[in-house]
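Worksheet for the structure shown next.
The values are calculated or read from the model by the stated rules, or taken from the named source; none is laboratory data. It should be emphasised that the depicted structure is a prediction, and the values quoted were computed from it without experimental measurement. Virtual Cβ from ideal backbone geometry, glycine too; neighbours counted across all protein chains shown. Please note that ligands, DNA and RNA were not included when accessible areas were found on the heavy atoms of the full protein model with its side chains. Shrake-Rupley method; radii C 1.70, N 1.55, O 1.52, S 1.80 Å.
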Amino acid sequence: MRRRSRTVALAILGAASFALAGCREEEVEAQAFPDVESCRAAANNGGLFSVEECDKSFAEAQQLHVESAPRYDSVAACEAEHGAGGCGSESEVTGGSGMGGIFMPLLTGYLIGSMLSGRGMASAQPLYRTADGKFTNAARTSTYSSNTGSARLGTSTFARPPSTIGKPPMSVASPASRGGFGSTGASRGFGG
């Protein structure tokens, strides 16, 4: 009887470990760049991504920036979250489109992930400076110590953020009421 219960216990532990392993998020190789030129230079020196992937990913990050960047009702509200000089009017930041009186953070880099399993090439996310000098993605789910370097990141980091176009802009009270810009995300650093 005792031997049988030990076998059953081991079988349950084994099944539980397989179940937990199945719940872990898949990770991909990712790299952050302050601009497309830095990515191209890395590509020309045998980097993780090709020049074509750098260009395509930067264009994707720019498009996500226009669609999903946080929008504020004043430059003061924007700079409270992104630092002095870290914001511009919607029309300046998006290249001419947008409404007056709405402000957005400047694009201060982009993140590329190699999505080899399932989606093919690479996927990108825009990066924005935070008031404390770190960087965050458009969905404000992750904070990074730098906008350069490489790391292994979960595939959810590259999920398409919700659109902010046409949504009411945030005021000074909006970010504080939800705990601050990017407060829900984990802080990560990139290795050289």
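Scanning the stretch 33-85 for residues that are without any contact (Cβ under 8 Å) to a residue 60 or more places away in the chain and more than 25 Å from S123 (Cα to Cα) returns V75, C78, E79, G83, A84, G85. Across the stretch 114-142, the number of residues qualifying as at pLDDT below 85 and hydrophobic (A, V, I, L, M, F, W, C) comes to 5.
Restricting the stretch 123-138 to residues that are within 15 Å of G88 (Cα to Cα) and of a type in the set (S, T, Y) leaves a set whose member that is surrounded by the fewest Cβ atoms within 10 Å (Cβ to Cβ) is T130. Do you know which residues across the stretch 140-150 are within 15 Å of L107 (Cβ to Cβ) and surrounded by fewer than 24 Cβ atoms within 10 Å (Cβ to Cβ)? The answer is R140, N147, T148. For the stretch 84-98, the count of residues that are assigned to a loop (DSSP other than H, G, I, E, B) and in contact with an Asp or Glu (Cβ under 7 Å, 6 or more places away or on another chain) is nonzero. Considering E67, E60, E37, E81, which residue is assigned to a helix (DSSP H, G or I), open to solvent by 50 Å² or more (accessible area, probe 1.4 Å), within 30 Å of M170 (Cβ to Cβ) and of a type outside the set (S, T, N, Q)? So the residue among E67, E60, E37, E81 that is assigned to a helix (DSSP H, G or I), open to solvent by 50 Å² or more (accessible area, probe 1.4 Å), within 30 Å of M170 (Cβ to Cβ) and of a type outside the set (S, T, N, Q) is E60.
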